[in-house]
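Below you'll find the structure, written out as structure tokens, and then a few comments.
The values are calculated or read from the model by the stated rules, or taken from the named source; none is laboratory data. What you are looking at is a predicted structure, and each value in this text was computed from that prediction instead of being measured. We place every Cβ from the backbone using ideal geometry, glycine too, and count neighbours over all the protein chains shown.
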């Protein structure tokens with residue numbers, strides 16, 4: 001077996017720079033998509049999990065991972081897994097704060113059972129008001145809902161509990 | 001294929017087909033939605049369904065072991081090789097027709113995937129757990145609109161009731177089981193659909209009550225999809241969906 005040139009930690013470190021193409025304020029590690037890295041004889045295998053089954057960003061993320069590791073001379077295989085199923089609980093608190101600053105209200109509850117009750121009081125990421133209402137359960141991407149703030153009148157997106 | 005893989009292949013194909021065909025129908029709303037937000041919502045639902053179909057088709061291809069991709073399965077089969085329930089291929093009609101279809105299907109899927117996530121087959125269990133999270137939103141969307149239209153104006157109430165009545169005859173088939181179901185059930189892989197029916201019916205009745213709508217009367221129930229027999233609509237869907245692959249085989253972007 002060829003001695004690994006890079007350790008698992010080093011590869012994780014590199015991959016932690018890759019951002020979510022749809023929410024460039026957060027990285028794929030912070031959002032919980034980056035699950036694991038296995039060192040193999042030829043390079044490494046990167047395990048990722050999609051936020052939503054139909055997430056169109058997965059192809060770009062896979063290409064970004066391969067390109068970045070290739071720059072460092074690491075041959076990477078990317079494996080998509082559905083287990084464990086991704087949940088918004090995997091998003092770190094730091095990432096939630098970054099989302100808010102970016103203008104997206106982060107998920108408020110843990111992966112909630114009762115979505116209709118849980119998502120009525122969403123804080124406006126612009127002015128902090130709780131006086132907001134849902135416009136549509138589905139926004140510009142499957143993971144977000146459309147809201148509007150009744151105080152500052154700004155529309156905003158809310159990252160849904162999942 | 002071994003016997004068990006053959007059965008799982010059929011099951012995976014059926015689940016993939018349901019998601020794939022309904023996804024195509026919902027995508028037809030793109031740029032035709034009644035309002036912009038709804039245009040986005042319906043196409044978001046379609047996207048979830050494409051992702052789901054991809055998962056089940058990939059697994060079917062893996063079980064078959066002939067080196068096919070999920071695209072081969074999606075684009076290179078004819079009507080009789082599709083096993084989606086007939087309700088998935090019903091035309092979009094007006095907005096109420098689409099919502100009625102969404103209500104019947106998403107409530108069914110909610111109870112279905114809740115059970116399938118306990119499957120002894122790890123891939124089915126993982127896909128089901130993932131799908132269940134998405135289906136909860138589909139169901140909430142459909143129920144919201146059913147209530148809004150049913151308890152809305154005289155005209156919206158009339159259209160919603162008509163849509164529910166017309167699609168009712170395609171709901172019986174959702175619970176139909178054949179050898180694939182019974183043999184996989186014995187191994188703890190598949191879901192006992194007969195157990196789901198009372199829960200589904202109660203859930204639908206509760207939504208309709210809140211929407212001031214009446215439960216459609218039990219009538220003749222259309223059947224066929226478990227044998228790959230379809231309505232005339234599927235051929236038109238495939239003609240549209242498969243055109244590029246049929247006209248330019250192996251075309252790449």
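Some points to look at:
- Residues satisfying the stated conditions in segment B:219-253, i.e. in a loop (DSSP other than H, G, I, E, B) and in contact with a helix residue (DSSP H, G or I) (Cβ under 8 Å, 6 or more places away or on another chain): B:219, B:220, B:221, B:222, B:223, B:224, B:228, B:229, B:230, B:231, B:242, B:251
- Candidate set from segment A:39-67 (those that are in a helix (DSSP H, G or I) and touching a strand residue (DSSP E or B) at 6+ places or on another chain (Cβ under 8 Å)); member that is nearest to the other protein chains (Cβ to nearest Cβ): A:58
- Taken over segment A:141-159, the criterion of being at the interface with chain B (Cβ under 10 Å from one of its Cβ atoms) and out of contact with any helix residue (DSSP H, G or I) (no Cβ under 7 Å at 6 or more places or on another chain) is satisfied by A:141, A:143, A:144, A:145.
Let's see how each residue does on (1) under 30 Å from residue B:63 (Cα atoms); (2) part of a helix (DSSP H, G or I):
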| residue | (1), (2) |
| --- | --- |
| B:101 | no, yes |
| B:197 | yes, yes |
| B:202 | no, yes |
| B:213 | no, no |
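Table: residues versus (1) within 23 Å of residue A:8 (Cα to Cα); (2) over 15 Å from the mean Cα position of the chain (by Cα); (3) assigned to a helix (DSSP H, G or I); (4) at pLDDT below 90.
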position: A:69; (1), (2), (3), (4): yes, yes, yes, no
position: A:78; (1), (2), (3), (4): yes, yes, no, no
position: A:113; (1), (2), (3), (4): no, yes, no, yes
position: A:117; (1), (2), (3), (4): no, yes, yes, yes
position: A:120; (1), (2), (3), (4): no, yes, no, yes
position: A:127; (1), (2), (3), (4): no, yes, no, no
position: A:141; (1), (2), (3), (4): no, no, no, yes
position: A:156; (1), (2), (3), (4): no, yes, no, no
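- Qualifying residue in segment B:34-46 (condition: at the interface with chain A (Cβ under 10 Å from one of its Cβ atoms) and within 10 Å of the chain's Cα centre (by Cα)): no
- The set of residues in segment B:110-132 that are within 17 Å of residue B:84 (Cβ to Cβ), within 13 Å of chain A (Cβ to nearest Cβ) and either part of a loop (DSSP other than H, G, I, E, B) or in contact (Cβ under 8 Å) with a residue 24 or more places away in the chain (or both) comprises B:116, B:127, B:131.
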